[in-house]
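*Asks:* Dropping the structure in here first, questions after.
The values are calculated or read from the model by the stated rules, or taken from the named source; none is laboratory data. This structure is a prediction, so every number in the text was calculated from the model and none was measured. Here the Cβ positions follow ideal geometry from the backbone for every residue, glycine too, while neighbour counts run over all protein chains shown. Just so you know, the surface numbers come from the protein's heavy atoms only, side chains and all, with ligands and any DNA or RNA stripped out. Shrake-Rupley method; radii C 1.70, N 1.55, O 1.52, S 1.80 Å.
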There are 2 protein chains.
Amino acid sequence: MPLTPLTLSPHQVLYEQVADRLQQLITDGPLKPGDRLPSVRKLRAQLSVSTSTVMEAYRLLEDRGLIVARPQSGYYVKQTVLDLPQEPAPTAPPRQATDIDISLAFEVMNRMRDGGLIQLGAALPDLEQLPLAQLNRLMGKVIREDPNLTHSYGTLQGSYRLRSELAKRMLDAGCSVHPDQMVITNGANEAIYFCLQALTQPGDTVAIESPTYFATLEAMKCLGLKALPLPTHPRDGLSLPHLEEALQTGEVKVLLLVSNFSNPLGSCMGDRQKKRLMNLLNQYDTPLIEDDVYGDLCFEGNRPKAIKAFDTENRVLYCASVSKTLSPGLRVGWCAGSRYHTAIARMKSILNQNTAMAPQLTVAAFLANGGYDRHLRHLRRSYHEQMLRMQQAVRDYFPAETCMTRPSGGHVLWLEMPEGFDSMRLYREALERGIAIAPGVMFSASGQGYGNCFRLNTAVPWTEAIEQAMQTLGLLIKKQLAESFLQADRA
Amino acid sequence: MPLTPLTLSPHQVLYEQVADRLQQLITDGPLKPGDRLPSVRKLRAQLSVSTSTVMEAYRLLEDRGLIVARPQSGYYVKQTVLDLPQEPAPTAPPRQATDIDISLAFEVMNRMRDGGLIQLGAALPDLEQLPLAQLNRLMGKVIREDPNLTHSYGTLQGSYRLRSELAKRMLDAGCSVHPDQMVITNGANEAIYFCLQALTQPGDTVAIESPTYFATLEAMKCLGLKALPLPTHPRDGLSLPHLEEALQTGEVKVLLLVSNFSNPLGSCMGDRQKKRLMNLLNQYDTPLIEDDVYGDLCFEGNRPKAIKAFDTENRVLYCASVSKTLSPGLRVGWCAGSRYHTAIARMKSILNQNTAMAPQLTVAAFLANGGYDRHLRHLRRSYHEQMLRMQQAVRDYFPAETCMTRPSGGHVLWLEMPEGFDSMRLYREALERGIAIAPGVMFSASGQGYGNCFRLNTAVPWTEAIEQAMQTLGLLIKKQLAESFLQADRA
């Protein structure tokens, strides 16, 4: 299995290229589950790269869950790797700050809330799998126990009881934050808006992973900010070499990203990457707004650490919520604003004084009573299974050209079709058949990119209707590809 | 009782001056309750003004509740006018747009939430007089009845059921608004922030009544806006002649005011004034952000109309909440954005997607079950009584130089001491004695004005402790005045 030497790519560092080449061999078949990978010495010679580059590449593949190290023996392809469509390549957005155009997102988002559709569009959690009855029981209890607290304005930063419980939960993400340094918000979006408002002036540039969650783009647009979209790997997240390049220009005011199981790529940085990212931010004295709403939804093993866990200089503004894990309708999120905490607390008091008390006290009670971990175990298992079912459906019904992400947590799946595919057309044709998807352009800062991509929500219990919807989507995609092939043939 | 001819004032139109002169005669004593006022013909001759000026002045005094017309007989001083400290003169803020400085407000506001103090500072409603038990029963009911609705993101504009109930209530304020044209927010502050964000760019000028509710000033500061404070009458509200002057310059992007029982003056425009205001706004094509959180809290008669009631061109953005009438802790407000509705809905979706569902459904249920009117009757009576008690305490304990407003609704009272009085010193000295007040500078856009004024919250059931606190405040004021008198004497 000789490998041809590598050519340098402008979008990837060397060890990532090595890792991707090996991954290709795994997904294409030459390297099968259980096979031993070439030794470091051998690969180094074949590719004309350094030992450390090969080691980094192997570590990356390990992080991606594709290979496993056996002591005194070497690296082996994991037995569990599925025969799935290949992963998309790292993204390569235009490398310049851009005005934000999200004219489409608002219309599409309104449609996505339409109850009559098969909802594969909005990243909604599955209510059937959330502990609604228990939350309701607790809400009844807390409002009876303390009506005056329930109906008062409360303290400016939100319920202390809730902040204490959330601080305890943050220990699982490797973060030690005092409740006094937290502000309760109406969901994570509000927290992110406050952070942007506190850190920027209109016209400033915010570096972001690309593709990007559209609500974040909307908040940035609303505040008159420019976006600098950075190349992002579908599994490892933001490209640090590109981030460093951007930081060197001095034009980046703040970095904003979803650290774990990002939306829409589902990428999740490894700990080493997170540490390196923090070093860069420290070096260039740049704050990070970390959106970690999906972190609790890892499929296997321990919850991944937050980037905040490696923040020795108090410059990460950590934002999260219980909207994906407990209840979207309670509208409870929070922000640990580090050195910017006072500004965040002030924004909260200006905007809406406080978050509704009954939801705050309810979440505090749920976190305190010990049922959260049990609930999470259940939810993670379900979401993992649903993700696998969705991925199998893509393999079964979508054309061979499909590229698909491999999230190890969360509940969104990103699909990439060949260049020229029109996912807005797919969106419209699917709507006519009662199916909602999220077209890729919604996740593009300039409103120009990802026209051949779309996102599916996988937080849906598998039913015959979903299976049929996936089949329908597959047919629509194949039809469009066939037509464009014919047109290209005629031209 | 001959009157000397009037001299023209830069701060008031002619009929207002006439009204103020007559009011002075009523409060100073020459015109006693039951006395007949001079005939129109006689007054016209004495003051060398037109018949219509006298008629306007009499109508204004009628609006102020000071005189009453008896058919075929003339105008008489109302029997109920109390022997109270005189009203402050109309305000005369510096007549230019200013950068906003509210550095004090945040610190003071934090203090105002301190539970250990006698709270005459924050404009908090009295929880003991709110229907908390009933709200809690209803919350338990609605969340049990529809757990999925309670815990979903809901529709972007908020619960339709709630919007329908609020639309019905708005009929009482003379407004006919379709639920589709409303957005539910986390309190009125959030609604006002959305309106400002939707209508302005940083650097724009917003015309405001002066003094101004500090949270509004903070929102404007946060959005990089300039404030143009306008002279305001303690009873009739914003001076329309001054507004027109400002509109003529073309620099006013939007007008923002509390229409009924404003905070902190307690002023309330009459219907004629409201109509005239709308005419001006139409003439100069300028939008109005109307904050009507206190409108339901009139002491007597029917609820005053909203300015929106006279809005024939759909340019008023109406903002209100249930924080003053039902529960601050539920955080439920709304905005009827008229022609700007779509922009408001969009801001809501960007910022926090939706307001927590359980509070929304609870308020909807309360408004639907018919208990709101009964509750309001009770609350209005209590607040009226508490306002009168507070005013009596001012008369009894404060020095003769005190000027005091005469709100006919709401629950704030504005006190003005002689020029040179330092209400920040009073604030600090009162805090040392466990009493919180809101110093006047918090309500000044430039942070320079109203240093001799302060605001008291009257939504406090009368107790011995409150009586003593008022006595203490009176002593502190007298002591400070005496000291400054001595100093002036020595100098």
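*Asks:* Could you list all residues from the range B:288-305 that are crowded, with 24+ Cβ neighbours inside 10 Å and part of a loop (DSSP other than H, G, I, E, B)?
*Replies:* Result: B:292, B:293, B:294, B:304.
*Asks:* Assess whether residue A:333 counts as being assigned by TED's automatic domain parsing to the domain that holds residue A:156 and crowded, with 24+ Cβ neighbours inside 10 Å. Steps first, answer last, please.
*Replies:* Working: assigned by TED's automatic domain parsing to the domain that holds residue A:156: yes; crowded, with 24+ Cβ neighbours inside 10 Å: yes.
So residue A:333 fits the description; yes.
*Asks:* Could you say which residue among A:173, A:207, A:219, A:191 is more than 22 Å from residue B:330 (Cα to Cα), within 14 Å of chain B (Cβ to nearest Cβ) and open to solvent by less than 10 Å² (accessible area, probe 1.4 Å)? Before the answer, list the steps.
*Replies:* On the way: A:173 fails: within 14 Å of chain B (Cβ to nearest Cβ); A:207 fails: within 14 Å of chain B (Cβ to nearest Cβ); A:191 fails: more than 22 Å from residue B:330 (Cα to Cα).
None of the others qualify; the one that does is A:219.
*Asks:* Here's something else I'd like to know. Take residue B:120 and decide whether it is open to solvent by 50 Å² or more (accessible area, probe 1.4 Å), aliphatic (A, V, I, L, M), at pLDDT below 95 and farther than 30 Å from residue B:96 by Cβ. Break it down into steps so the answer makes sense when it comes.
*Replies:* Numbers: open to solvent by 50 Å² or more (accessible area, probe 1.4 Å): no; aliphatic (A, V, I, L, M): yes; at pLDDT below 95: yes; farther than 30 Å from residue B:96 by Cβ: yes.
No; evaluated as a whole, the condition is false for this residue.
So that you can scan it fast, the table gives a plain yes or no per residue for (1) among the hydrophobic types (A, V, I, L, M, F, W, C); (2) out of contact with any Asp or Glu (no Cβ under 7 Å at 6 or more places or on another chain); (3) within 14 Å of chain A (Cβ to nearest Cβ); (4) closer than 16 Å to residue B:163 by Cα:
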| residue | (1), (2), (3), (4) |
| --- | --- |
| B:311 | no, yes, no, no |
| B:327 | no, yes, yes, no |
| B:400 | yes, yes, no, no |
| B:413 | yes, yes, no, no |
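*Asks:* If you take the residues in the range B:347-371 that are out of contact with any Leu (no Cβ under 8 Å at 6 or more places or on another chain) and touching a residue at least 24 places away in the same chain (Cβ under 8 Å), which one is farthest from the other protein chains (Cβ to nearest Cβ)?
*Replies:* Going through the range B:347-371, the residues out of contact with any Leu (no Cβ under 8 Å at 6 or more places or on another chain) turn out to be B:347, B:350, B:352, B:355, B:368, B:370-371.
Within this subset, residues satisfying the condition of being touching a residue at least 24 places away in the same chain (Cβ under 8 Å) are B:347, B:352, B:355, B:368, B:371.
Working: B:347: 7, B:352: 4, B:355: 7, B:368: 19, B:371: 16 Å.
Across the range B:347-371, the extreme among qualifying residues is B:368.
*Asks:* In addition: Specify which of the listed residues (A:445, A:368) is open to solvent by 40 Å² or more (accessible area, probe 1.4 Å) and of a type outside the set (Asp, Glu). Write out each step before concluding.
*Replies:* Details: A:445 fails: open to solvent by 40 Å² or more (accessible area, probe 1.4 Å).
That would be A:368, the only listed residue that is open to solvent by 40 Å² or more (accessible area, probe 1.4 Å) and of a type outside the set (Asp, Glu).
*Asks:* I would also like to ask the following. Is it the case that the range A:257-270 has a residue that's among the hydrophobic types (A, V, I, L, M, F, W, C), within 14 Å of chain B (Cβ to nearest Cβ) and open to solvent by less than 10 Å² (accessible area, probe 1.4 Å)? Walk me through how you get there before you give the answer.
*Replies:* Start the filter on the range A:257-270 by keeping residues that are among the hydrophobic types (A, V, I, L, M, F, W, C), which leaves A:257-258, A:261, A:265, A:268-269.
Still in the running and within 14 Å of chain B (Cβ to nearest Cβ): none.
There is no residue in the range A:257-270 that is among the hydrophobic types (A, V, I, L, M, F, W, C), within 14 Å of chain B (Cβ to nearest Cβ) and open to solvent by less than 10 Å² (accessible area, probe 1.4 Å).
*Asks:* Next up: Against the definition (open to solvent by less than 20 Å² (accessible area, probe 1.4 Å) and over 18 Å from the mean Cα position of the chain (by Cα)), how does residue B:349 come out, yes or no? Even if it seems obvious, please write down each step before you answer.
*Replies:* Details: open to solvent by less than 20 Å² (accessible area, probe 1.4 Å): yes; over 18 Å from the mean Cα position of the chain (by Cα): yes.
Judged against the criteria, residue B:349 is a match.
*Asks:* Just give me the residues in the range A:128-152 being without any contact (Cβ under 8 Å) to a residue 40 or more places away in the chain and buried (at least 16 other Cβ atoms within 10 Å of the Cβ), in sequence order. Break it down into steps so the answer makes sense when it comes.
*Replies:* To start, the set of residues in the range A:128-152 that are without any contact (Cβ under 8 Å) to a residue 40 or more places away in the chain comprises A:133, A:136-137, A:140, A:144-145, A:147-148.
Hits for the range A:128-152 are A:136, A:137, A:140, A:147.
*Asks:* Within 11 Å of chain B (Cβ to nearest Cβ), assigned to a helix (DSSP H, G or I) and closer than 28 Å to residue A:125 by Cβ - does that describe any residue in the range A:315-322? Step through it out loud before you land on a result.
*Replies:* So the first thing to find is which residues in the range A:315-322 are within 11 Å of chain B (Cβ to nearest Cβ), and the list is A:321-322.
Filter again for assigned to a helix (DSSP H, G or I), leaving none.
No, the range A:315-322 has no match at all.
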